[in-house]
Every structure is written in C-alpha cells, then in structure tokens.
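Enquirer: Would you mind keeping the following structure in view while I ask a few things?
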Amino acid sequence: MKKRDQDRLRVAIQKSGRLSERSLEVLKNCGLRFARSKDKLFWYGQDFPVDLLLVRDDDIPRLLLEGVCELGIVGENIAREVMLERDSDGELNLLRRLGFGHCRLSVAVPEDSGIDALDGLRDLRIATSYPALTRDLLEKQGIRTHISELSGSVEIAPSMGTADAIADLVSTGTTLRANHLRELEVLFESTAALYKSTRALPEEKQALLDRMLARLDGVLQAAESKYVMLHAPRARLEEVTRILPGAEHPTLMELEGSPDRVALHAVCRETLFWEHLEALKGAGATAIL
Ligand code: ATP
Ligand code: ZN
C-alpha cells in the first residue's frame, strides 16, 4: 500500500437502495466531499482523507470484518444478523445511530389465522431473510420454531403454503396488507447506523475517526434541534421553559411597551410535538415560531 493510503479511512455505504441517499447526505453534512464516479465502486475523498466504497448493503458487515473498510453505514438489522451468524468472530462496534432507515422486524401471520400471540408460533414454520436474528429474538422469549431462510419475497411464503408465518422488515405495513398478512408483534426496531470493525486503528486513523465523529455529532444534534421563538408572560417564564424539551438556557429579551411580557428564544434538542405547542399556549405563550 502506498504511504498516503495508510492515513485514509474507508467508509462502505449502500450503492443503490433505501439507505444510499441519506448515507451520502450525512457524510456530506460532515464536510466530506467526494470525486464521484457514477459507475465505479470507489469515490475518492477530496478535502478530508475519507474515501467511499459503494456496495450492496448485505456486504458491508463482511467488508468491515475482513478489514477492507474501517467504517460502514448499514441497517442494524443486517449488522445484527451477521454478528449472530458469525458469533464471536463477527463483532462490530455500533458507533452512532443515524436517524434514518427506520424499520421494524415483525412477525406476521395470515389475516385469517387464529394465532394472536407469539406463543402460538411454537413449532410452526417461519420464513425470513433474517434467520439468525429471528431465531435469537424468539428463543429469548422461550419460543422455538422452524425457521427457513428466504432471500426475497418472504411475504408470499404463507400463501404458497411453505410457511405458517413470516418475520420481515416493515415500515408502513402496506406490503403486509397487500398480501393479507397481519402484523403480530414487533421483534426488533432498526435504524441505519455507523459501524466500525473491532480492530484497533493506527494512531493517525484513530485521530481522523475522532475528528469525523466530532463533526457527525454536531450534524446529528443539529438535525434534532429546533430554534424556537415566542412571547411569554414574565410571571410564567419558568413554566414555559419547563415545557420546551431540552432547552436549558433560553435567551430573554424585553418587549418594547409591554413590561409584563418577554420574548424568549431557545434551541430545543428534542422533538417538539403538537402537545408541546398546546401546552405553551396554555401557559400564555403567543407569537410562537
Ligand atoms: P441491496 O441491493 O443493497 O442489497 P436491498 O434491496 O437489500 O439492497 P433495501 O431495500 O434498499 O435493501 O433496504 C436497505 C435497508 O433499508 C434495510 O436493510 C433496512 O435496514 C432499511 N429499511 C427501511 N425501511 C425498510 C422497509 N420497509 N423494508 C426493507 N428495508 C427497509
Ligand atoms: Zn441487501
């Protein structure tokens, strides 16, 4: 390997699929720029010595385990599956959850099946693309089943008569309904995450990773934060501040001509819901932006 390669990190991301765009976006938000080559597997990092490898998501854990890449962005569902499959030689470190690619691994049964709880699955046949993860999660609840692995179109297995139930990824549930399946129970919640192999990095690469993670933390925090402005009665300031989630140090400003009200500006580090807005109004807040 040439000298300069020793000081560069490689991140594997999905080449084309549900995670591709957001994976690239999060890296770009960290200030990373790549000389892209549409058809090629490898994008060279321009301002920051981090390069990209574009691959199938299923290959990402293996690329990390084999040391081809130091980092990878992949769904927890896939990372966990590979870790369970490989046991002790398959460990990966989850560095950060990235807040996209949400889905759940759920057990579903035919709409007209009498099964109404996981317990009813004992000794039945379950089709899934995640056999190790499904087996692990069911066995943790004391439920033994016959699991068969299908790489795709898991949802048609029950109507084909090859399975009694399935364990599959669900986000909206449309696919399940279209196949007359009923979601019985969520086994696992997954998001896209940044993973690293467990091997220790040489000093320069570790320093580079630390810099990248510091940027990433800023990006993730900014994505969750909201800047809130409102007017509030001076007498109820404490109450108003308490309602705003994760806004420890608001800025207060006088309102010209109304001494009993103030303008409040705050950064909320948690999600703001309609209930928060209603509670704020209830506490006398107006002009909420
Ligand atoms: P590849 O060609 O890279 O193997 P794929 O078809 O296996 O692609 P996608 O369908 O793009 O993969 O899904 C990638 C990841 O997106 C999943 O592993 C999962 O973590 C996440 N995901 C989010 N929502 C869903 C969903 N509704 N169904 C399946 N995966 C989902
Ligand atoms: Zn895949």
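Enquirer: Using amide H atoms built 1.01 Å from N in the peptide plane, name the residues 5+ places from ASP51, or on other chains, whose amide H lies under 5 Å from its own.
Expert: For ASP51, whose amide H was placed from the backbone, the distant partners under 5 Å are LEU9, ARG10, VAL11, GLY45.
Enquirer: With θ set to phi - 60° and the Karplus curve 6.51 cos²θ - 1.76 cosθ + 1.60, what are the ³J(HN,Hα) couplings of the range 248-257 in order, to the nearest whole Hz, using x for Gly and Pro?
Expert: 6, 10, x, 9, 10, 9, 5, 9, 3, x
Enquirer: In percent, how large is the relative contact order of the range 1-77, given Cα pairs closer than 8 Å and 6 or more residues apart?
Expert: Once normalised by length, the contact order is 39 percent.
Enquirer: Dipole of the chain, Cα-centred, from +1 at each Lys and Arg C-beta and -1 at each Asp and Glu C-beta, to the nearest 20 debye?
Expert: Details: 39 positive and 46 negative charges, 228 e Å.
My answer is approximately 1100 debye.
Enquirer: Report the antiparallel proportion of the DSSP beta bridges in the chain as a percent, rounded to a multiple of 5.
Expert: Bridges in the chain that DSSP calls antiparallel: roughly 75 percent.
Enquirer: Moving on. What are the ³J(HN,Hα) couplings of the range 58-74, residue after residue, when phi is run through the Karplus curve with 6.51, -1.76, 1.60 and θ = phi - 60°? Round to Hz, x for glycine and proline.
Expert: Once θ is set to phi - 60°, the couplings for the range 58-74 become 5, 7, 4, x, 5, 4, 6, 5, 8, x, 6, 10, 8, 10, x, 10, 8 Hz.
Enquirer: Same structure again: Tally Lys/Arg at +1 and Asp/Glu at -1 over every other residue whose Cβ is under 15 Å from the Cβ of THR145; what's the total? Show your work: numbers first, answer last.
Expert: On the way: positive: ARG122, ARG125, ARG135, LYS140, ARG144; negative: ASP119, ASP123, ASP136, GLU139, GLU149, ASP164, ASP168, GLU185.
Within the 15 Å Cβ shell, the charges total -3.
Enquirer: Continuing with this model, one more query. So in the range 77-205, what percent of DSSP beta bridges are antiparallel if you round to the nearest 5?
Expert: Restricted to the range 77-205, the bridges split so that about 70 percent are antiparallel.
Enquirer: Could you give the radius of gyration (one decimal) and Dmax (whole number) of the Cα atoms in the chain, in Å?
Expert: According to the Cα coordinates of the chain, Rg and Dmax are 24.3, 76 Å.
Enquirer: Within 10 Å of each candidate Cβ there may be at most 15 other Cβ atoms; applying that plus a DSSP loop requirement, which chymotrypsin sites (Phe, Trp or Tyr not before Pro) in the range 214-289 survive?
Expert: PHE273
Enquirer: Which trypsin sites (Lys or Arg not before Pro) from the range 64-151 combine a DSSP loop assignment with at most 15 other Cβ atoms within 10 Å?
Expert: Numbers: sites: ARG80, ARG86, ARG96, ARG97, ARG104, ARG122, ARG125, ARG135, LYS140, ARG144; in loops: ARG122, ARG144.
Sparse-neighbourhood loop trypsin sites (Lys or Arg not before Pro): ARG122, ARG144.
Enquirer: Still on this structure, I have one more. Hey, got the dipole for the range 116-275? About the Cα centre, +1 on K and R Cβ, -1 on D and E Cβ, debye to the nearest 20?
Expert: Working: 18 positive and 25 negative charges, 58 e Å.
Dipole about the Cα centre, nearest 20: 280 debye.
Enquirer: While we're here: Under 17 Å between alpha carbons: how many lysine pairs meet that in the chain, if sequence neighbours fewer than 8 apart on the same chain are excluded?
Expert: 7
Enquirer: In terms of modelled amide H atoms, which long-range or inter-chain residues lie less than 5 Å from the amide H of ALA247?
Expert: ARG269
Enquirer: Which whole-Hz couplings ³J(HN,Hα) result when phi for each residue of the range 179-185 is put into the Karplus expression 6.51 cos²θ - 1.76 cosθ + 1.60, θ = phi - 60°, listed in order with x for Gly and Pro?
Expert: Once rounded to whole Hz, the list reads 9, 6, 10, 10, 6, 8, 7.
Enquirer: Taking the Cα centre of each part, how many Å lie between the range 137-151 and the range 189-226?
Expert: Centre-to-centre (Cα) distance: 33 Å.
Enquirer: Let me ask another. Under 1.5 on a/c is rounded, so check that first for the range 100-155, then, if it is not, pick prolate when a/b is larger than b/c and oblate when it is not; a ≥ b ≥ c are the square roots of the alpha carbon gyration tensor eigenvalues.
Expert: Rounded, because the longest to shortest axis ratio a/c is under 1.5.
Enquirer: According to the square roots a ≥ b ≥ c of the eigenvalues of the Cα gyration tensor, what is the shape class of the range 91-132, taking rounded for a/c under 1.5, prolate for a/b larger than b/c otherwise, and oblate for the remainder? Intermediate values should be presented prior to the final figure.
Expert: Values: a/c = 3.30, a/b = 2.13, b/c = 1.55.
In terms of gyration-tensor shape, prolate.
Enquirer: A further question follows. Starting from the 7 Å offset along Cα-to-Cβ, what nm value, one decimal, do you get for the label separation of THR198 and THR286?
Expert: Each label point lies 7 Å from its Cα, and together they span 6.1 nm.
Enquirer: If neighbour count is taken as other Cβ atoms inside 10 Å, put ILE288, ILE166 in order from fewest to most. Don't skip to the end; give the middle numbers.
Expert: Working: ILE288 15, ILE166 26.
Going from least to most buried by this count: ILE288, ILE166.
Enquirer: If you don't mind, there's one more thing I want to ask. Using a cut-off of 15 Å between beta-carbons, work out the net charge of the residues near HIS231 (Lys and Arg +1, Asp and Glu -1, HIS231 not included). Before the final figure, lay out the partial values.
Expert: Numbers: positive: ARG234, ARG236, ARG261, LYS281; negative: GLU239, GLU254, GLU256, ASP260.
Neighbour charge sum, excluding HIS231 itself: 0.
Enquirer: Taking amide hydrogens as modeled 1.01 Å from N in the peptide plane, which residues meet the under 5 Å criterion relative to LEU187, leaving out close sequence neighbours?
Expert: Correct list: LEU105, SER106, VAL107.
Enquirer: Please go through the range 207-249 and write out the GluC sites (Glu not before Pro) that DSSP classes as loop and that have at most 16 other C-beta atoms within 10 Å. Numbers along the way, then the final one.
Expert: Working: sites: GLU224, GLU238, GLU239, GLU248; in loops: GLU248.
Here the sparse-neighbourhood loop sites are GLU248.
Enquirer: For the range 153-289, what class follows from the C-alpha gyration tensor (a ≥ b ≥ c being the square roots of its eigenvalues): rounded when a/c is under 1.5, otherwise prolate if a/b is larger than b/c, else oblate?
Expert: oblate
Enquirer: Net charge within 11 Å of ALA266 by Cβ-Cβ distance, Lys/Arg positive one each and Asp/Glu negative one each, not counting ALA266 itself?
Expert: Within the 11 Å Cβ shell, the charges total +1.
Enquirer: Sticking with this structure for a sec: Given a cut-off of under 8 Å on Cα pairs at least six residues apart, what relative contact order in percent is computed for the range 213-289?
Expert: Numbers: 116 pairs, mean separation 33.1, N = 77.
The value is 43 percent.
Throughout, read-outs are computed from the coordinates displayed, never taken from laboratory work. Note that the structure is a prediction, hence the values are computed from the model and not measured. We place every Cβ from the backbone using ideal geometry, glycine too, and count neighbours over all the protein chains shown.
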